[in-house]
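Accompanying notes for the structure given below.
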Amino acid sequence: MRLQLPPGRNAAQFDAGLAAFRGVVGDDWLLATDLDRDTYSDFYAPGDEELHAPGAAVAPASVEETRAIVRLANEHRIPLWPVSRGKNLGYGAAAPRVAGSVVLDLGRMRRILEVNPELAYCVVEPGVSFFDLYEHLQANDIPLWMSVPGNAWGSVMGNALDRGFGYTPYGTHSRNICGMEVVLPDGDLIRTNMGAMEGAHAWHAFPFGFGPSFDQMFVQSNLGVVTRMGLWLQPAPESSMTLAVQIPNEEDIGWVMDTISPMRRNGLIDQNQFVPSWLGKMVVMGVRSDFWDGPGAMPESRVQELLREHNLGYWAVNIRLYGQDSVNQAKAALIKAAFAEHIDTPFEETVWNRGDPMIPMDLSMGVPSAVPLQMGGWTGGRGSHLGFSPIVPATSAHVLRQLRRSRELIAAHDVDFYASFTIGERAANNINMLMYDRDNEEQVRNIRALFSALVEQAREAGYGEYRTHLTWMDPVSDTFDFNDHALRRMNEKIKDALDPNGIIAPGKQGVWPSALREQRT
Ligand SMILES: Cc1cc2nc3c(=O)[nH]c(=O)nc-3n(C[C@H](O)[C@H](O)[C@H](O)COP(=O)(O)OP(=O)(O)OC[C@H]3O[C@@H](n4cnc5c(N)ncnc54)[C@H](O)[C@@H]3O)c2cc1C
């Protein structure tokens with residue numbers, strides 16, 4: 001990828017900054033060739049790779065090296081974009097918001113610093129991947145379960161810092177964070193909460209401290225570089241049971257929501273309940289041309305044929321219960337009775353007991369897998385996706401309204417419809433996967449127009465996205481508009497106070513430092 005310079009820097013100034021970084025990490029870990037820039041670019045880019053082109057990457061091996069680089073970035077006015085493993089596919093991968101930024105790749109800091117089986121938490125450095133932690137727990141026979149995202153190729157820390165989701169009782173990942181160490185934009189080093197006391201014992205056991213509590217301030221944020229994180233894990237259950245059923249019709253999502261949502265609140269179901277539409281199954285069974293080779297969205301008649309051929313419903317419900325077998329069985333009876341009010345299809349059931357092997361690729365057991373990446377191949381060509389993800393209250397009225405609106409817009413743009421609802425205690429995360437071939441200009445143009453229309457339409461109806469791709473960070477931030485964007489004004493005041501030179505991830509989530517505010521799109 002062609003070199004782009006950060007705003008306000010000429011080639012000599014940029015080179016001087018890179019030379020200073022090289023002095024900290026050595027030649028091998030300052031990565032500034034065209035190939036390096038390709039590696040750190042957004043390889044799902046929806047047509048605007050240049051806008052988010054990294055200038056280079058630098059990979060420190062320690063907290064002290066990270067601090068040194070942050071101080072030098074201030075001196076040389078070079079923006080840094082921290083990543084843990086940089087696998088944020090669908091949201092920009094490792095690429096920065098501002099072209100020419102240097103990606104601060106923390107992947108070399110990869111130690112699992114502690115696992116506490118008794119209190120059920122771990123402490124990790126940024127580079128620890130889901131597979132690293134899983135293998136550590138398995139190899140040492142530690143009875144703790146993780147929660148992993150669909151694509152578990154990334155890092156435990158990076159995913160939690162982007163408010164990622166998984167599909168277990170610990171599936172709201174940012175909620176599991178307990179105690180961090182953070183390099184501030186001026187190079188200072190803090191420990192949050194109880195960790196502010198040297199040698200504190202309860203740092204990762206108690207999620208607050210003395211005075212204001214700041215863990216969440218560093219989530220989806222550009223106020224610091226997190227170098228260590230405590231994260232609560234799930235004690236492995238004695239037994240676990242699954243209940244699976246296919247739900248026939250599109251509109252059934254209404255009663256499914258009203259059935260599951262109260263059970264999430266009263267604790268009968270404690271798992272983040274993932275309910276995907278039928279295409280979620282198809283995208284890992286083959287590519288689009290295996291099922292339909294025409295242009296535009298797959299016609300409804302073919303969809304219905306495929307559902308019959310593959311014995312699929314429009315939605316799939318896969319509930320996993322965790323605990324003692326007798327309790328699971330009692331919960332299962334109540335869940336089955338609630339569903340029986342709407343359908344007479346029996347649930348398929350499985351039981352797992354402690355000592356049985358973990359089930360490969362089972363996200364509801366926190367087993368990491370990269371198989372869902374196959375979705376990238378759906379359209380053919382260099383396949384990619386964007387995820388449009390508004391949050392809706394977990395009631396049928398909200399969910400059906402959101403579904404009908406986005407469904408209509410997606411159909412109007414002639415794009416295959418793949419939606420899912422991940423049901424929490426009070427809200428559902430409605431991820432709409434929009435898949436495209438990034439080398440097909442027409443498809444890319446169409447997907448971009450569709451994504452912008454979805455953001456606008458959802459805002460008009462009173463719904464906002466929980467996370468978004470680099471390109472839409474400003475438009476989505478614009479939709480949070482109460483009192484003329486008062487929250488953004490506050491975020492930017494804090495940004496300017498902590499990061500006066502604006503060197504940590506400028507523009508992330510639409511929060512700009514004063515020096516670069518004119519870059520807001
Ligand atoms: C098929 C598919 C399925 C997916 N399913 C899911 C899913 O179910 N749930 C889900 O959450 N995601 C999902 N994803 C999205 C994504 O792949 C994961 O969220 C992935 O874990 C993110 O990559 P990462 O962990 O390497 O984070 P990174 O890319 O390293 O970081 C993520 C964000 O956090 C910031 N950040 C990272 N580390 C630091 C740090 N130390 N200090 C400060 N800021 C930091 C980065 O700037 C970036 O904005 C899916 C993607 C695909 C392609």
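No lab work stands behind these numbers, since they all come straight from the coordinates. Just so we're clear, the structure is a prediction, and the values are computed from it rather than from any experiment. Reconstructed Cβ throughout: ideal geometry from the backbone, glycine too, with neighbour counts over all protein chains shown.
Positive end of the dipole of the chain (Cβ unit charges, origin at the Cα centre): among A93, H76, P149, the Cα lying farthest that way belongs to H76. Relative to one another, the C-alpha centroids of the range 214-255 and the range 475-521 are positioned 28 Å apart.
Evaluated with a Cβ-only charge set (Lys, Arg +1; Asp, Glu -1), the range 239-467 carries a dipole of roughly 620 debye about its Cα centre, given to the nearest 20. Among 93-103, 379-389, 169-179, 203-213, sorting by the average number of other beta carbon atoms lying within 10 angstrom of each residue, highest first, gives 93-103, 169-179, 379-389, 203-213. Listed by number, the DSSP H helices of the chain that run 27 Å or longer by alpha-carbon position along their axis and have mean Kyte hydropathy of at least -0.5 are 441-461. Of the residues G267, G323, A338, the one whose Cα sits farthest towards the positive end of the charge dipole of the range 264-417 is G267 (charges of +1 on Lys and Arg Cβ, -1 on Asp and Glu Cβ, taken about the Cα centre).
Of all DSSP-defined beta bridges confined to the chain, some 85% are antiparallel rather than parallel.
Here the range 11-105 is treated with +1 on each Lys and Arg Cβ and -1 on each Asp and Glu Cβ, and its dipole about the Cα centre works out to around 360 debye.
Since only A428, Y314, M180 are under comparison, the one whose Cα sits farthest along the positive direction of the charge dipole of the chain, derived from C-beta charges on Lys, Arg, Asp and Glu, is M180. What you get for the chain, charging only the Cβ of Lys and Arg (+1) and of Asp and Glu (-1), is a dipole of about 840 debye around the Cα centre. Using alpha carbons only, how many angstrom separate the centre of the range 363-420 from the centre of the range 180-203? When both Cα centres are located, 38 Å separates them. Sorting the segments 367-373, 73-79 by their mean number of nearby beta carbons within 10 angstrom, highest to lowest, gives 73-79, 367-373. In a fully extended conformation the segment linking V287 and D325 would gain 9.8 nm over its present Cα-Cα distance, using 0.36 nm per residue. Fewest-first ordering of W278, W145 by other beta carbons within 10 Å of each residue's beta carbon gives W278, W145. Listed by chain and number, the lysines placed with their C-alpha closer than 29 angstrom to that of K87 are K281, K495, K508; residues fewer than eight positions away on the same chain are left out.
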